[in-house]
Amino acid sequence: MTATVKKVERVVPDLAMKAYVPAILEGLGVTTRHFVQNLGNLVSGRKKSKRGTEEIATIRYPDEKREYPPRYRGHHRLMRREDDQVRCVACFMCSTACPANCIYIEAGEHEDPTIEKFPVRFDIDHLVCIYCGMCEEACPCDAIRMDSGEHTKPKYSRTDQRVHLVDLLERGGPSIAKQGGRFS
Amino acid sequence: MTTLILYALLKIAGFVLGYVMLTATLLTWIERKQSALAQDRIGPARASIMGLRLGGLLHIPADAIKSFTKEDFIPDTPNPWLFKFAPVIAFIPAFVMFAVIPFGPGDLIISSASFGVLFILAVTGISVYGATLAGWASNSSLSLLGGLRAAAQMISYEVTMGLSLVGIFMVYEDVNLQNVVIRQGSNVLNWGIVTQPLAFFLFLAAVIAETKRGPFDVAEGESELVAGYFTEYSAMRFAMFMLGEFIAIVGVSAVLVTFFLGGWQVPGLEETGGWYTVLQVSAFALKTWFLCWLQLMIRWTLPRFRYDQIMHLGWRILLPLSLLNVLVTGIVLAIIHG
Amino acid sequence: MPTLKINDQEVTVEQGTTVLKAAAETGVEIPTFCYHPGLSAPANCRMCLVEIDGGRGPQLMPACYTQAGEGMDVKTDSPTTKDAQKSVLEFILLNHPVDCPICDQAGECTLQDHYFDYSAQPSRLRHTKVHKPKVKVLGPNIVLDAERCILCTRCVRFCDEVTETHELRVTQRGDHSEITTFPGLDLDNKYSLCTADICPVGALTSRGFRFKARVWNNKRTKSVCDQCARNCSTFVDTLRNDVKRVSPRTNEEVNSWWACDEGRTAFKKYQEGRYLKGVISHEGTTNELAPSDSYHRLGSQLSQTVEAHGGEAVGILIHPSWSNEDIFVAAQFAMEAGFSLYVGGRATDGYEDNILIRGDKNANRYGMNLILEAMGVKHGGVDSLAAAIEAGTIRTLLILDGEHALPESVITSIGQVEKVIALAAWQTPILDAAHVIAPTRLVYERGGTFVNFEGHIQRFHKTQMHDVNILSPWHALSTIARAGGWDMQYDRISDVFAGMAEMVPRFAGLAYQELPDDGVTTVQAASTGAV
């Protein structure tokens, strides 16, 4: 296989380029155009200009919030069964897959023999988590998800960033996946 | 005698405290808002009194309150006195410059000294001491580098600044600023920007470098030096540096107006006195504001030069050009006066 | 001596060798479920079917049962064999719930491994799987999940052939077959946990280990059980510095494939009452002490007593479950300082059978006797200790390890000793009488060597670590001796072992770092005084 070589013409600066001044004036023209346009919009209260192109890109964050895309990986949540119990069976797949080692699970024996195993503790340290989504990917029963559409909020202490089972369950909802696979 | 003193004080109060201070204070807000609009952002909008935001204008009093109440931190330095004194040195010369600038016809100038131009050159030369001493006294490597850069930059561009004005003196044959303005007259074609176009650009570049603003702001150089020579400053001392910088913007704008844009002259208006004077003072104010706006726009348009590029530009391009400008002006004048 | 070809490779084996073993000799692995080297071969799982041409044309035969014959042509990777393995796995997996996420065996499951190696195809079953009892408690240590069972009958054969207690049986027929206990019987023999080990799937699981950890997270260390004179080779599995499971390590010279339940669950009793700090009791109040300070305290106490009353006034009660190195240092210390040495220890007349469990519950009595004999240290039993206390000659008693099974009368007489000091890892009633207790490491936290009742020396390794300032017994004793002004220069266990090997003829030529994992038999015949 031969490497494909693309020859690029070297730009030889002419006097106008070397003098900077035309380029500076051009740049000033661009910024001034934006300035005048946005100033006009600000004064007249329009959101968009007549051309519909120039628009203020920033938002007033705490007052208005931007919608996250549907596949955004945010705060974890643990899904529930039909009877509101945790779907998680404490198989440790997520903590095994986790490249940051941020998931701590303690398994317990459930009274219901059809459930058998469930998490007694399920902690995620959000300061360690890298939001890669491997846990979601590894989960065999659609129990852990990162689709809450919320980012992890800053807290005042490190221990508060360690999220526990109850908090994760509160964010969760019912899952339409059938527990235990297709045929049970 | 008393009325003379009172009149002088009135001029100082009206021009320096009224016009200059107001403009500089507003510039702290305008710079943020203007840059935001030029970059499709909103800019300052959070400060509010009972829901009233005034487009971020309340950030000015908010900044003032913050500056006065913040901890006045003084680093562990062998020169605490110099450290405290440096902002004053940076602040005062920017003000003093206005003493020789005519803001209206007749005696609407604080000091009608015959050495006006030399005074301006001297005072801008002193102002760099503020930055250099601040960098030295902060006892921090970043500050020291910032101060050194400021000093080297000042030395490089002061030459061009002085030489680009030589052409003006040759054309208008005077160094008293009021006389320079009067000689420019109300005919636009006789103004400095027309008679000395190259000198205008050279002087503009030189004064922007003198005020250490973008694209010549390597003395601050956030990406390399944190905040350059005022890294260690906080509270009111920091505010004095910032305010000094904005006053210097107004100052160099006023100087540019005086030399190149006909000062207080209104095109086509020969008479002075009464309402004409009011009109002419307003013209001076408007021209100065426009140049302030232009300087802000330049800062938010151009990326920062590299330090070696600044030196290259200063010594190998601007300096020969200013010498050439003097030469050509001399030849042209010799031909005209023949 | 038949010669046969395995995958076109000629091999000559002993008459009577199975094809499976012959293949293993040539390095060819044949998958199995029901075959276990320690049990009979029923050939009922059919996983080991390989294509064998014995002269009558190629046919599928179970490798674990078929004896190698002259001129046999065995093909373990032919399409026929591969197809057979795939089909057998599909049958075995037909009703298997595939609940690996909640199965404790996942990660060390033969079915999982074989599935990935030999089948890796999705299920074609389109009907409901057969349901069987899920969490069925078979005995105090074992729980059964009948759905996961592949009916290899290893557990049934174990109870029939090894323990000969006959608790388990397969009932029902066809896909309804399941393992169960005979009516009225519990799976409560002394080796019941071995059935969980040999279960190739997650059908039989240990109740103690159930859901405690996933096996791939565990750290596995080679160790030796110290609960009786057998010294079974073990693996100790730890997770986050915590012992989770002890399982037998195959060692044909000591324990073959097995280990008893008692030894395997012994780690649990050490989890409570652990000394992590020194303790000083004075007139009803107790104070804590840093470990290193407590060693100095012990040392100064010993030197005070020796100065005031002579070495004879110090009694030192050693433990025959301590490793050779610990006992050697203790004995050397006693000789150097002239202490009176007494031997305590756990019970010597406990449960005993002819499988593994020994009546003497002390791991290293044989080694202790070797050392004491070789060094010529005068020593007495607990009775002579009681007599010495009654006679008033013992002013200070140093108890090493609190796990002594002492008669009531001896315990009361210990209470009369002027100063009782101890070096112990965990709390026992005997230590209530102690005035100063210095902490030491548990057997799981230190390394060393044991000699079992047959004279087999094995090395055990450190599996967990609590606090580096808490020292192993030999190191602690060495530190105490130095603090008391005696000359003891041991800082590395290999040096202790080297010193011991010089002095004890039976250890001659051994080096600590070079002891093999399975240990070495130190003796030609049981000639010395092993109890």
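Of note:
- Two-site FRET efficiency, B:TRP293 against A:ARG60, from Cβ-Cβ distance with R₀ of 30 Å, rounded to 0.05: 0.70
- Amide N of segment B:107-136 lying under 12 Å from the label point, which is placed 7 angstrom from the Cα of B:THR277 along Cα→Cβ: B:107-109
- Multiplying the residue separation of A:GLU26 and A:ALA177 by 0.36 nm and subtracting their alpha-carbon distance yields 48.5 nm.
- Residue separation of C:ALA405 and C:ASN287 scaled by 0.36 nm, minus their Cα-Cα distance, works out to 39.8 nm of gained length.
- Estimated FRET transfer efficiency when R0 is 30 angstrom, pair B:GLU222-B:LEU54 (beta carbons, to 0.05): 0.55
- When each of A:LYS117/C:LYS136; A:LYS178/C:LYS136; C:LYS212/C:LYS244; C:LYS190/C:LYS462 is checked by Cα-Cα distance, pairs over 18 Å: A:LYS178/C:LYS136; C:LYS190/C:LYS462
- Estimated distance in nm for a label pair at B:TRP315 and C:GLU10, the labels positioned 7 Å out from Cα along Cα-to-Cβ: 9.0 nm
- Taking other residues whose beta carbon is less than 15 angstrom from the beta carbon of B:VAL20, and scoring Lys, Arg as +1 and Asp, Glu as -1, yields +1.
- More than 58 Å apart - percent of Cα-Cα pairs taken over the protein assembly as shown: 48 percent
- Modelled spin labels at C:SER177 and C:THR348, positioned 7 Å past Cα toward Cβ, are 5.0 nm from each other.
- Between segment C:139-159 and segment B:156-189, the Cα center-to-center distance that results, in Å: 106 Å
- Ligands, DNA and RNA excluded, the heavy atoms of C:ARG240 present near 150 Å² of accessible surface to a 1.4 Å solvent probe.
- Rolled with a 1.4 Å probe across the full set of protein chains, the surface gives C:ASP53 an accessible area near 50 Å².
- B:THR77-A:VAL36 pseudo-label distance in nm [points 7 Å out on the Cα-to-Cβ vector]: 4.5 nm
- Note on segment B:217-289: Rg/Rh from C-alpha atoms, Kirkwood Rh, equals 1.24.
- Rh (Kirkwood; distinct C-alpha pairs) - segment A:77-171, Å: 13.6 Å
- Cα centroid of segment C:340-390 to Cα centroid of segment C:186-200, whole Å: 31 Å
- Highest-first packing order for the peptide set A:61-69, A:99-107, B:295-303, C:267-275 is B:295-303, A:99-107, C:267-275, A:61-69, based on the mean count of other beta carbon atoms within 10 Å.
- In order along segment A:135-148, phi translates into HN-Hα couplings of 5, 4, 5, 7, 4, x, 10, 6, 9, 9, 9, 10, 9, 5 Hz, rounded to whole numbers, per the Karplus curve 6.51 cos²θ - 1.76 cosθ + 1.60 with θ = phi - 60° and x for Gly and Pro.
- Computed from Cα positions, the angle between helix C:291-309 and the longest principal axis of chain C comes to roughly 40 degrees.
- Within the shell defined by Cβ-Cβ distances under 14 Å, the residues around B:ALA137 carry a net charge of 0, with Lys and Arg each +1 and Asp and Glu each -1.
- Accessible area in square angstrom per residue, chain A, 1.4 angstrom probe: 69 Å²
- The residues neighbouring A:GLY172, those whose beta-carbon lies less than 15 Å from its own, together hold a net charge of -3 under the Lys/Arg +1, Asp/Glu -1 convention.
- Unit charges at the beta carbon, dipole of the protein assembly as shown: most positive-side option, C:ILE480, C:ASN364, C:CYS152: C:CYS152
- Helix-only CD estimate at 222 nm, as mean residue ellipticity for the protein assembly as shown, using -39500 (n - 2.57) per DSSP H run (n ≥ 4): -11500 deg cm²/dmol
- Net length gained if the chain between C:ASP432 and C:GLN304 were fully extended (0.36 nm per residue, minus Cα distance): 43.8 nm
- Convex hull volume per residue for segment C:13-86, taking Cα atoms only, in Å³: 87 Å³
- In chain C, the convex hull through the Cα atoms has an average projected area of 28.2 nm², a quarter of its surface area.
- Helices that extend 18 Å or more along their long axis by alpha-carbon positions and average at least 1.0 on the Kyte-Doolittle scale are, among the DSSP H runs of chain B, B:80-96, B:116-137, B:141-172, B:197-210, B:235-260, B:319-337.
- Burial ranking of peptide ranges B:195-207, C:482-494, C:370-382 (average Cβ count within 10 Å, highest at the top): B:195-207, C:370-382, C:482-494
- Complex-versus-alone comparison for segment B:3-46, residues with a loss of 10 Å² or more in accessible area, probe 1.4 Å: B:LYS33, B:GLN34, B:LEU37, B:ALA38, B:ASP40, B:ARG41, B:ILE42, B:ALA45, B:ARG46
- Backbone N within segment B:57-101 under 16 Å of label point (7 Å from B:ALA122 Cα along the Cβ vector): B:93-101
- Figure note: C:THR12, A:THR114, C:THR463 ranked by solvent-accessible area, largest first, 1.4 Å probe, ligands and nucleic acids not counted: A:THR114, C:THR12, C:THR463.
- Nearest 10 degrees, 0 to 90: helix A:21-44 Cα axis against chain A principal axis: 60 degrees
- Degrees, to the nearest 10: C:382-391 long Cα axis against longest axis of chain C: 10 degrees
- Shown here is the pair-distance distribution of segment B:62-337: with all Cα-Cα distances grouped in 10 Å bins from zero up to the longest one, the shares run 7, 28, 33, 21, 9, 2, 0 percent.
- Calculated SAXS-style log₁₀ I(q)/I(0) at q = 0.14 Å⁻¹ - segment C:95-173, Debye, Cα scatterers: -0.59
- DSSP bridge analysis restricted to the protein assembly as shown gives an antiparallel fraction near 75%, rounded to the nearest 5.
The values are calculated or read from the model by the stated rules, or taken from the named source; none is laboratory data. Since this is a predicted model, take the numbers as computed values, not measurements. Positions of Cβ are backbone-derived with ideal geometry, glycine not excepted, and every protein chain shown enters the neighbour counts. Heads up: the accessible areas ignore ligands, DNA and RNA and are worked out on the full protein's heavy atoms, side chains in. Shrake-Rupley method; radii C 1.70, N 1.55, O 1.52, S 1.80 Å.
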